[in-house]
Amino acid sequence: MNDKLEFVSENDSLRLLYNFNGADGPINITIQNKLQVPVYIDWQRSALVINGHAISYVPSEMKILGGFNGSSYNYSSRGSSYGATSGSLHATASLPATKDFIPPQSYFTKSPMGVTNKLIENVPDTAFHRVNFTMMDGYSVPVKLATFTEATSPLRFRSYLTLMVGDSTNKPVAIEHSFYVSELINTTRSPQDIWLTSAYRGNQFYIKEPTGYGKAMAGFGVIMGSAVYVATVESMSQVGNNIGNNISK
């Protein structure tokens, strides 16, 4: 790790950096090309593997962003009514990039997806114990903490990248980095209170789940709060071992 607790894997050809800081574990990947020839990343042949389940880094759905502007008119007379609505729809569709190009002696950063937006399952309540956690302002608050080893972790994931060196038609090179969640914190405090304002937490991400009771009724709101789950990520021992074997100048 570097001083920002980001995961770094480096040799004479490439420098790869992973940062998971933020909501739902964004996979921020920075790839630095140290070579005198370009490097191509094939995202269609790259994937995130979560507990053995592979998810392509290229989404299968097209994103469409837009809006609707319109107006309506209602007319009623002698018990009958008439209504009309007119408007315009504007939208932009974007196709995900399947390949990215890194020129020589430059770097590239991408966030293709997040690790998870759901609570990490298969963690019994007995795995948590209460500890005092020091917040950003120096005060301590009680939280529930669970720690795991690589073997007992409820969430293990791998980043599998396919690259081509020199030309996009050259033989692909596979690079894989493996990680696991080593710690979970369960608290009702906001991420800003706990750690989010710190830029030096590249190995942590959080998940928020709304909590509350009752159902919404006319004229009334629902009393809501949120449970925050902070996950700390560690790297497995084999991380980056195959970079030097597959890429050279």
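Looking at (1) within 22 Å of the chain's Cα centre (by Cα); (2) at positive phi, which one does GLY138 not meet, given that it meets all the others?
(1)
Touching an Asp or Glu at 6+ places or on another chain (Cβ under 7 Å), aliphatic (A, V, I, L, M), closer than 30 Å to GLN32 by Cα and modelled with pLDDT of 85 or more: does that describe ILE207?
So ILE207 fits the description; yes.
For GLY166, work out the one condition from (1) modelled with pLDDT of 90 or more; (2) among the small types (Gly, Ala, Ser); (3) under 21 Å from the mean Cα position of the chain (by Cα) it doesn't fulfil.
Status for GLY166: all satisfied but (3).
Test each condition in (1) surrounded by 10 or more Cβ atoms within 10 Å (Cβ to Cβ); (2) at pLDDT 75 or above for PRO96 and report the one that comes out false.
Only one criterion is unmet by PRO96, namely (2).
Inside segment 165-189, can you point out the residues that are in a strand (DSSP E or B) and among the hydroxyl-bearing types (Ser, Thr, Tyr)?
SER178, TYR180, SER182, THR187
Exactly one condition in (1) assigned to a strand (DSSP E or B); (2) surrounded by fewer than 11 Cβ atoms within 10 Å (Cβ to Cβ) is not met by THR162; state its number.
(2)
Being among the polar types (S, T, N, Q) and surrounded by 17 or more Cβ atoms within 10 Å (Cβ to Cβ) narrows it down to one residue among THR169, THR187, THR152; which is it?
Exactly one residue qualifies, and that residue is THR187.
Of the residues that sit in segment 1-44 and are touching a helix residue (DSSP H, G or I) at 6+ places or on another chain (Cβ under 7 Å) and buried (at least 16 other Cβ atoms within 10 Å of the Cβ), which one is farthest from TYR206 (Cα to Cα)?
Going through the qualifying residues, I end up with LEU14.
Give the residues of segment 119-153 that are under 22 Å from ILE50 (Cβ atoms) and out of contact with any strand residue (DSSP E or B) (no Cβ under 7 Å at 6 or more places or on another chain), sorted by residue number.
GLU121, ASN122, PRO124, THR149, ALA151, THR152 - these are the residues of segment 119-153 that are under 22 Å from ILE50 (Cβ atoms) and out of contact with any strand residue (DSSP E or B) (no Cβ under 7 Å at 6 or more places or on another chain).
Farther than 19 Å from GLY22 by Cα, at pLDDT below 90, under 21 Å from the mean Cα position of the chain (by Cα) and not basic (Lys, Arg) - does that describe any residue in segment 112-121?
Yes; the residues of segment 112-121 include at least one that is farther than 19 Å from GLY22 by Cα, at pLDDT below 90, under 21 Å from the mean Cα position of the chain (by Cα) and not basic (Lys, Arg).
The values are calculated or read from the model by the stated rules, or taken from the named source; none is laboratory data. Bear in mind the structure is a predicted one, so any value in this text is a computation, not a measurement. Ideal geometry is used to build each Cβ from the backbone, glycine not excepted, and the neighbour counts take in all protein chains shown.
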